[in-house]
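Visitor: This is the structure I want to talk about, given as structure tokens.
The numbers here are math on the coordinates, done by the rules we state, and not lab data. Predicted model, so just to flag it, every value in this text is computed and none were measured. Every residue, glycine as well, gets a Cβ built from its backbone with ideal geometry; the counts of neighbours run over all protein chains shown.
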């Protein structure tokens, strides 16, 4: 008995992206994004919270000499009050790093 050839695999239908949401889904909001990040962190065995990324970014930006005004723009802050709040969380580490850089040249 002769074997039938395997059926050809049809390429997936190409769809044109549209701005219309999928009928069974709603767009992600802040809560949905938060839940996804937390869930993925748990799957990896780490405690991941979206707000920590914002703190890490702000601390790293300032520690590497980034301009405060640029950080305000990138984070969408209109008031320097938020810059002081985020900057305060790592101010001590930046001060110690500056001290080491300055004092290592003197010694």
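Visitor: Where Rh denotes the Kirkwood radius from the mean inverse Cα pair distance, what is Rg over Rh for the range 51-106? Let's see the in-between values first.
Guide: On the way: Rg = 12.2 Å, Rh = 11.8 Å.
Radius of gyration over Kirkwood radius for the range 51-106 works out to 1.03.
Visitor: Run the numbers for residue 52 and residue 99: contour at 0.36 nm per residue of separation, minus the present Cα-Cα distance, in nm. Walk me through the numbers before you get to the answer.
Guide: Numbers: separation 47, 0.36 × 47 = 16.92 nm, distance 2.62 nm.
This chain segment gains 14.3 nm when fully extended.
Visitor: Next up: For residue 64 and residue 91 in the same chain, what is the full-extension length gain: residue separation times 0.36 nm, less their Cα-Cα distance, in nm?
Guide: Values: separation 27, 0.36 × 27 = 9.72 nm, distance 1.25 nm.
Fully extending the segment from residue 64 to residue 91 adds 8.5 nm.
Visitor: I'd like the FRET efficiency for residue 38 and residue 3, computed as 1/(1 + (r/R0)^6) with the beta carbon distance as r and R0 of 35 Å, rounded to 0.05.
Guide: Values: r = 52 Å, r/R0 = 1.48.
Efficiency computed from Cβ-Cβ geometry: 0.10.
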